[in-house]
Structures are given as C-alpha cells and as structure tokens.
Amino acid sequence: MTTHASPWLPRERFGNALALSAPGTGPEPPARLRELLERIPPEVVERFTGCGSPIPEAIEGRRVLDLGCGTGRDVFLCAALAGPTGFVMGLDRDREHLEVARRSVEAAMRAFGHPEPNVAFRWGNIENLEEAELEDEGFDVVISNRAVNLAPQLKVLREVYRVLRPGGEFYFADVYTNRRLPAEVAADQELVRDHLGGAAYVNDFLRLARKAGFVDPRVVGRYRLHLADLGLEARMGGVEFWAYTFRLFKVADLEDGEEDYGQAARYLGSIPGCAHRFVLDADHRFETGRAVPVGGNTARILGRSRFSRHFDLIGDFSRHYGPFRPRP
Ligand SMILES: C[S@@+](CC[C@H](N)C(=O)[O-])C[C@H]1O[C@@H](n2cnc3c(N)ncnc32)[C@H](O)[C@@H]1O
C-alpha cells in the first residue's frame, strides 16, 4: 500500500488527510510510468487533478480517448505508450485546460521521440460525444480520471459504450460513496462543485454501468478519502468517500455473474512494463507463467479484448460446473 496526502481534492473539505491506496491505483502512477512522467512538460503534470492512474496496459498502436482530460497528463502518458502508430484524443469543456494541453504537445512529442503528434485535444461535453463528432466504435480504450461524476453518469456510460469497439475497455477513476448521500447534501451546489455532492453510491453506479451494457464491471482498486471539515462530516450521516478505479469491458455474451466452465488462464508476461505480473482487477492478479482457474466472464474478457494475445486460455464453454468460486 502507498500512503499519500490528497491535495488534488478541495483542501478545506478533505484537508491533507492521509489516504491509502494499492500500488498503481492512487494518483501517483505505478513504477512502470514514472520515467515517462518526467518527460511530460511540468505545467501539465503540476495541474493534474485526477484521483487515480487509469493508464491502460497493452495499448501500442491503439486508439485511446480521455474524457475530461484537463491539461492532459494521462493523454500524454497514453501517447507515449501507444507509440507513433497509436492515437490519443483528450476531450474537455474547459478551454483554458485545453490551451495548456495544446501548447505542450510539441515538447512532449520531442521528449517521446515521436516524429508526428499522435495526440489531439478537442472541446466537447463528455455526456454527448456525438456532438463532439466521435463516431461509433472509434476507440479501443476510453479512460477518465475524476470527470465521470461531473456529468449525468448513465448518459456518459452509454456514450462510452457506443464509441468503444467490441472488446474495448473503459478504464477510469473517480470518487464514490459507501451509501447514498443525504438529499440536502446532494442538492448543495457548492458541494457539487467540490466533487462531493455528485459522488454516486458505488452500488448505484455499478447498476448504471450494467444498464449501459457493461454487464460485469470490475473494481481494480480503491482508497478512502477522509473529510477534514468536521461540520461537513456531521452532515454526511456516516457516508464514506472512496476513490475507485474501475474496468468496464464491452465484451459480448458476458453473464451477470461468474460461472465455472473449468477454464484457466496463463499470463505470458508479454505486456510491456508487466513482465512479472498483470493485474486485471482486485480479484485477478496473474503471475507470469502460472495457470489460474478463471470464471467464464474472465475467460471471455481475456479472450476477446486486446489482452488476448498475452494469455493462453485453457478450456472452453462446453461443460458447466456451477457458479465459479475463486480459490483462496
Ligand atoms: C477534476 S478535473 C480532472 C482533469 C484530468 N482528468 C486530470 O486528471 O488532471 C475534471 C475535468 O473534467 C472536465 N469536465 C467536467 N465536466 C465535463 C463535461 N461535462 N464535459 C467535458 N469535460 C468536463 C473539467 O473541465 C476538468 O478538466
């Protein structure tokens, strides 16, 4: 676990309270990305305000979209990983953030050694990607870092589902609660602006994700955020705030729970930066070379997404053994 302060959230609300996060799911990027971060213009990195590091693995040559990209830290990290044959678009409705991002493109491309820019920053609303002229199935991966809660979530999820290719992934981080907010807190516009009033109860959010077509949403990691404002704490009625990182896959034929078909998956160690292990989600950490029993949904996710070439999948769906129970 990594310990860090949380200055990217309103200090008067959250203070510098310490938060704990699993490696790679906090705002500090995992070790595999730190060297790249040093090559991104400081103006971009200093203005980062996300709450996680949803930087996808295995995106070389892929098309990636960042919703609510701000000044573009995550766009530039993805651009380095996607390489000259990949493409990354950042979308935001704040023109000043976009201006910072755009004036940093040249320096970042030079630092990555890309002959031509493989990024674009576009003005647009994350709840209406059609208006931003983003077509159906145009992206392999959509990411977002603390922006989904700022717009009507079902609309955003439906739009993400539309622009993802089959097998695509929505990998993102945002702030959620462990119970529904009191109505007067949710209606307080000042708290909405502070990213507190808009925070969804995590189970309500998971229901919306399923409704939008992401049948088996996965939690990658989470860490607790502590309120520093004691008056506010008293108004919250015991609500806890957590920064979550999720993976939602647009994969056909997923079931509403894991079923056991006697399958196993062996990670080949071939994802750049993940030679020894690959973390799919909080329940699936694959060590290189070790065959691990998996449920039918996980087998389909691994077999039909960009991860397929990095796994040996053992077994098929011809025989059912009941509900899948992960081994301890
Ligand atoms: C907390 S900041 C995070 C920025 C960036 N992802 C980062 O990690 O630094 C939220 C961003 O979402 C953008 N945003 C909020 N609502 C939006 C919407 N409906 N459409 C587009 N952008 C939006 C804001 O302008 C802001 O740049």
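Which one, GLY124, GLY269, GLY221, has the greatest fluctuation when you compute a Gaussian network model over the chain with C-alpha springs under 10 angstrom?
Greatest mean-square fluctuation among the candidates belongs to GLY269.
So how far, in whole Å, is the C-alpha centre of segment 230-307 from the one of segment 115-170?
21 Å
Would you give the gap between the C-alpha center of segment 171-225 and the C-alpha center of segment 44-76, rounded to a whole Å?
Spelled out, the Cα-based centre of one part sits 20 Å from the other.
Can you compute the helix-only [θ] at 222 nm over the chain? Use -39500 (n - 2.57) per DSSP H run of at least 4 residues, normalise by all residues, nearest 500 deg cm²/dmol.
-7000 deg cm²/dmol
Positive end of the dipole of the chain, charges at C-beta (+1 Lys, Arg; -1 Asp, Glu), about the Cα centre: which of THR49, TRP242, ALA151 has its Cα farthest in that direction?
Of the candidates, TRP242 comes out farthest on the positive side.
Compute the signed sum of charges (Lys and Arg +1, Asp and Glu -1) over the other residues within less than 14 Å, Cβ to Cβ, of ASP204.
Net of charged neighbours comes to +4.
May I ask you to give the percent of accessible area on the chain that is carbon plus sulfur, with a probe radius of 1.4 Å?
About 48 percent, which is the carbon plus sulfur part of the accessible surface.
Gaussian network model of the chain, Cα springs within a sub-10 Å range: biggest mean-square fluctuation belongs to which of THR85, THR177, THR245?
Comparing THR85, THR177, THR245 in a Gaussian network model of the chain, the most mobile one is THR85.
Going toward the positive end of the dipole of the chain, with +1 on Lys and Arg Cβ and -1 on Asp and Glu Cβ, which of VAL292, PRO182, ALA200 do you reach last?
Among VAL292, PRO182, ALA200, the one farthest towards the positive end of the dipole of the chain is VAL292.
For segment 2-249, what is the accessible area per residue in Å² when the probe is 1.4 Å?
Each residue of segment 2-249 exposes 41 Å² on average to a 1.4 Å probe.
Which of ARG235, ARG210, ARG222 ends up with the largest GNM mean-square fluctuation for the chain, with Cα atoms connected below 10 Å?
Between ARG235, ARG210, ARG222, it is ARG235 that shows the largest mean-square fluctuation.
Could you compute how fast segment 263-314 diffuses translationally, taking Rh as the Kirkwood radius over C-alpha pairs and applying Stokes-Einstein at 37 °C with viscosity 0.692 mPa s? Give it in µm² per second.
It diffuses with D of about 308 µm²/s by this estimate.
Any idea what the dipole of the chain comes to, in debye rounded to 20, about its Cα centre with Lys/Arg Cβ at +1 and Asp/Glu Cβ at -1?
700 debye
What are the residues whose amide H is under 5 Å from the amide H of ARG146, where those residues sit 5 or more places off or on another chain and H is modelled from the backbone?
Distant-sequence amide H within range of ARG146: CYS51, ALA173, ASP174.
The values are calculated or read from the model by the stated rules, or taken from the named source; none is laboratory data. Note that the coordinates shown come from a computational prediction; the quantities given were computed from them, not determined experimentally. Reconstructed Cβ throughout: ideal geometry from the backbone, glycine too, with neighbour counts over all protein chains shown. We work out accessible area using only protein heavy atoms, side chains counted, and drop any ligands, DNA or RNA first. Shrake-Rupley method; radii C 1.70, N 1.55, O 1.52, S 1.80 Å.
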